[in-house]
1. Can you tell me which residue is modelled with the highest pLDDT among those in the range 50-78 that are farther than 16 Å from Val38 by Cβ and among the small types (Gly, Ala, Ser)?
2. Just a yes or no: is a residue in the range 47-67 of a type in the set (Lys, Arg), on the phi < 0 side of the Ramachandran plot and assigned to a loop (DSSP other than H, G, I, E, B)?
3. Within the set of pairs 6 or more residues apart or between chains, which connect a residue that is loosely packed, with under 13 Cβ neighbours inside 10 Å inside the range 25-47 to a residue that is part of a helix (DSSP H, G or I) with Cβ atoms less than 7 Å apart?
4. Here is a check on your reading of the model: is Tyr40 in a helix (DSSP H, G or I), within 27 Å of Cys92 (Cβ to Cβ) and of a type in the set (Phe, Trp, Tyr)?
Amino acid sequence: MIKLSDTTFDNSSIKFSFMDGKYRWVDNVFVERLWRSVKYEAVYLKAYDTVAQARQSLQRYFVFYNERRRHQSLNKQTSGSVYCQYADKDACIIGKGL
């Protein structure tokens, strides 16, 4: 059994996933950086009237993020181009957009 605040969970019904299995803060650092970029470069700059507008805008942003936005930590390459260097060619969708 796992107890989080006032809720108890049965181990058989929940599966936790951690990148290195050690339950450290670094397991989430990449996702946290991504969401920071999404919020500051897309979400906070716009006032969406509908969920559909937000969804469409975020889809465009993720295409931009993966295909056109250059990352300092990737030696000024796009994340999509780095992914395609190592991924199975069938899995690589960069350049196909949405």
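1. That would be Ala52.
2. No, because not a single residue in the range 47-67 is of a type in the set (Lys, Arg), on the phi < 0 side of the Ramachandran plot and assigned to a loop (DSSP other than H, G, I, E, B).
3. Lys46/Ser57
4. For Tyr40, the condition - in a helix (DSSP H, G or I), within 27 Å of Cys92 (Cβ to Cβ) and of a type in the set (Phe, Trp, Tyr) - is not met.
The values are calculated or read from the model by the stated rules, or taken from the named source; none is laboratory data. None of the values given here were measured: they were computed from a predicted structure. Heads up, the Cβs are rebuilt from the backbone with ideal geometry, glycines too, and the neighbour counts pull from every protein chain shown.
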